[in-house]
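A.B. asks: Take this structure first; my questions come after.
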Amino acid sequence: MRRKDREIRDTYGVREIIGECDCCRLAFSDGKGAYIVPLSFGYDEEENALYFHGAAEGKKIDLVRRNGYAGFEMDTAHGLTEAEQACGYSFRYRSVVGEGSIRVVEGADEKKKGLNCIMGHMSGKDSWEYPEAMLERTAVLRLDVEQMCGKEHI
């Protein structure tokens, strides 16, 4: 990281930023360039894993299965700092970026765990019931974080 003065080094600080975010962007290489998709997510601190959900078919799932690896980015606390001159303007933010192995979760119990993690992050409640038909047609993704760092400019 070029701006070491903006780096968040401690685990608590990075987890705090993750807790403030409501969207995580997954990035994949598709052979021609990058494919980036914004998603709702959940973070399992104990296992250092991110969970996502979506349709069981499509470009995202194809890239998960083909690559097995993805980058991610999330950000929050946005704001513009104004100045007298254009070069003095700045943008405030807190962000986390990282990467890791990603896979489609198999089995109803693991799917429920991932969905409850997502719902816990998004709603504050992490104990839900899921109809069997919905579990069958929903893909749950798990990204095992191998590297991540935080950055802020506030």
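A.B. asks: What do the square roots of 5 times the Cα gyration tensor eigenvalues come to for the chain, in whole Å, largest first, as semi-axes of the equivalent ellipsoid?
C.D. replies: They are 31, 18, 14 Å, listed largest first.
A.B. asks: Also: Which ³J(HN,Hα) values, rounded to whole Hz and listed in residue order, are derived for the stretch 80-86 from phi using the Karplus coefficients 6.51, -1.76 and 1.60 in 6.51 cos²θ - 1.76 cosθ + 1.60 with θ = phi - 60°, glycine and proline given as x?
C.D. replies: Karplus values, whole Hz, x for Gly and Pro: 9, 9, 8, 8, 6, 10, 4.
A.B. asks: Just tell me which aspartates and glutamates come within less than 18 Å, Cα to Cα, of Lys111; anything on the same chain fewer than 8 places away is out.
C.D. replies: Straight-line reach from Lys111, under 18 Å: Asp44, Glu45, Glu46, Glu47, Glu57, Asp126, Glu129, Glu132, Glu136, Asp144.
A.B. asks: Residue by residue through the stretch 11-28, which ³J(HN,Hα) values in whole Hz follow from phi under the Karplus form 6.51 cos²θ - 1.76 cosθ + 1.60 (θ = phi - 60°), with glycine and proline marked x?
C.D. replies: Result, rounded to whole Hz: 4, 4, x, 5, 5, 4, 5, 4, x, 7, 7, 10, 8, 10, 9, 8, 10, 10.
A.B. asks: If you don't mind, there's one more thing I want to ask. Check each of the trypsin sites (Lys or Arg not before Pro) in the stretch 106-143 and keep only those in coil by DSSP with at most 16 other C-beta atoms within 10 angstrom; list them in order. Kindly include the intermediate steps, with their values, before the conclusion.
C.D. replies: Values: sites: Lys111, Lys112, Lys113, Lys125, Arg137, Arg142; in loops: Lys125.
Counting only loop positions with at most 16 other Cβ atoms within 10 Å, the trypsin sites (Lys or Arg not before Pro) in the stretch 106-143 are Lys125.
A.B. asks: Calculate the FRET efficiency for Asp144 and Cys87 from the Cβ-Cβ distance with a Förster distance of 41 Å, rounded to the nearest 0.05.
C.D. replies: After rounding to 0.05, the efficiency reads 0.50.
A.B. asks: Check the straight Cα-Cα distances from Lys32 and name the lysines below 21 Å, setting aside those fewer than 8 residues away within the same chain.
C.D. replies: Counting by Cα, and skipping residues close in sequence, Lys32 has these lysines nearby: Lys59, Lys60.
A.B. asks: Going by how many other beta carbons lie within 10 Å of each one, how would you line up Leu26, Leu143, fewest first?
C.D. replies: Least to most surrounded, the residues fall as Leu26, Leu143.
A.B. asks: Could you check which residue among Ala83, Ala70, Ala133 shows the biggest mean-square fluctuation in a GNM of the chain with a 10 Å Cα cutoff?
C.D. replies: Result: Ala83 has the largest fluctuation of those listed.
A.B. asks: A follow-up question, please. Sequence-distant or interchain residues sharing an amide H contact under 5 Å with Ile8, placed H: which?
C.D. replies: Correct list: Gly150, Lys151, Glu152.
A.B. asks: Right, next: Would you give the gap between the C-alpha center of the stretch 127-154 and the C-alpha center of the stretch 90-106, rounded to a whole Å?
C.D. replies: Rounded to whole Å, the Cα centres lie 11 Å apart.
A.B. asks: Going through the stretch 1-107, which trypsin sites (Lys or Arg not before Pro) have at most 15 other Cβ atoms within 10 Å and a DSSP loop state?
C.D. replies: Answer in residue order: Arg2, Arg3, Arg9, Lys32.
A.B. asks: Still on this structure: Tell me which GluC sites (Glu not before Pro) from the stretch 1-88 have a DSSP coil assignment and no more than 13 other beta carbons within 10 Å of their own.
C.D. replies: Glu45, Glu46, Glu47, Glu57, Glu82, Glu84
The numbers here are math on the coordinates, done by the rules we state, and not lab data. Keep in mind the model is a prediction, meaning the values are calculated, not measured. Because the Cβ atoms are built from the backbone with ideal geometry, glycine has one as well, and the counts that use them run over all protein chains shown.
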